[in-house]
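The values are calculated or read from the model by the stated rules, or taken from the named source; none is laboratory data. Note that the structure is predicted; figures quoted are calculated from it, not measured. Please note: Cβ atoms are built from the backbone with ideal geometry, for glycine as well, and neighbour counts cover all protein chains shown.
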């Protein structure tokens with residue numbers, strides 16, 4: 001209906017469902033450092049689920065600004081702006097169901113509770129402290145309680161500049177902020193149970 005060609009699978013088209021939703025719903029921000037619907041202040045996120053309603057993967061939110069560390073305050077960060085208000089669109093998407101037969105579940109709008117906002121900020125500060133001190137290569141998916149940083153690139157050859165341990169510039173893989181599946185599961189439980 002919106003003129004997008006459906007791939008056979010998502011192996012090489014990871015963000016296709018999200019792109020489809022953005023196009024169908026009229027999201028305009030694309031990859032800008034603002035919510036997908038800037039006039040509403042709402043970020044759009046799809047969340048693939050199995051038949052039992054469990055998230056199948058962590059949720060990518062935005063890239064980590066490794067070479068541009070101007071934002072040293074949580075309130076000014078891309079991540080804080082993106083997570084202030086989110087339209088979650090669950091997708092029943094077990095891998096054995098062909099892409100064309102998958103269905104959207106009931107969407108819901110979420111904003112962090114004061115406790116969630118505090119923990120997200122603490123995770124962000126912990127992770128950004130490692131980046132600011134030149135320790136980006138030490139960050140693993142085990143850092144953070146609700147939030148994690150993981151490589152985010154088409155392949156391992158993608159590189160970007162970051163601060164190294166001695167203060168010089170180093171070349172590293174791009175990184176992204178992700179919400180852990182355990183956290184997104186609690187959001188689903190809150191809205192649907």
Q: Taking residue 108 as the residue in question, decide whether it is surrounded by 15 or more Cβ atoms within 10 Å (Cβ to Cβ), in contact (Cβ under 8 Å) with a residue 60 or more places away in the chain and over 15 Å from the mean Cα position of the chain (by Cα).
A: yes
Q: Might you let me know whether region 155-175 holds any residue that is within 27 Å of residue 113 (Cα to Cα) and touching a strand residue (DSSP E or B) at 6+ places or on another chain (Cβ under 8 Å)?
A: yes
Q) Does any residue of region 25-32 turn out to be in contact with a strand residue (DSSP E or B) (Cβ under 9 Å, 6 or more places away or on another chain), surrounded by fewer than 18 Cβ atoms within 10 Å (Cβ to Cβ) and within 17 Å of residue 176 (Cβ to Cβ)? A) yes
Q: Might you let me know whether region 172-188 holds any residue that is in a helix (DSSP H, G or I), over 28 Å from residue 54 (Cβ atoms) and free of Cβ contacts under 8 Å to residues at least 40 places away in the same chain?
A: no
Q: Return yes or no: is residue 57 part of a loop (DSSP other than H, G, I, E, B), within 13 Å of the chain's Cα centre (by Cα) and at pLDDT 90 or above?
A: yes
**Q.** Single residue of region 135-171 satisfying the filter (in a loop (DSSP other than H, G, I, E, B) and modelled with pLDDT of 90 or more) that is farthest from the chain's Cα centre (by Cα)
**A.** 135
Q) Out of (1) in contact with a strand residue (DSSP E or B) (Cβ under 7 Å, 6 or more places away or on another chain); (2) surrounded by 14 or more Cβ atoms within 10 Å (Cβ to Cβ); (3) touching a residue at least 60 places away in the same chain (Cβ under 8 Å), what's the single condition that is false for residue 36? A) (3)
Q. What pairs can you find where one residue is in region 112-124 and farther than 14 Å from residue 180 by Cβ, the other is at pLDDT below 95 and surrounded by fewer than 18 Cβ atoms within 10 Å (Cβ to Cβ), and their Cβ atoms are less than 7 Å apart, with a gap of 6+ or different chains?
A. 121/74
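Yes or no, residue by residue, for (1) in contact with a strand residue (DSSP E or B) (Cβ under 8 Å, 6 or more places away or on another chain); (2) not in a loop (DSSP other than H, G, I, E, B):
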position: 4; (1), (2): no, no
position: 10; (1), (2): no, no
position: 14; (1), (2): no, no
position: 17; (1), (2): yes, yes
position: 22; (1), (2): yes, yes
position: 51; (1), (2): yes, no
Q: Kindly check whether there is at least one residue in region 119-127 that is in contact with a strand residue (DSSP E or B) (Cβ under 8 Å, 6 or more places away or on another chain) and assigned to a loop (DSSP other than H, G, I, E, B).
A: no
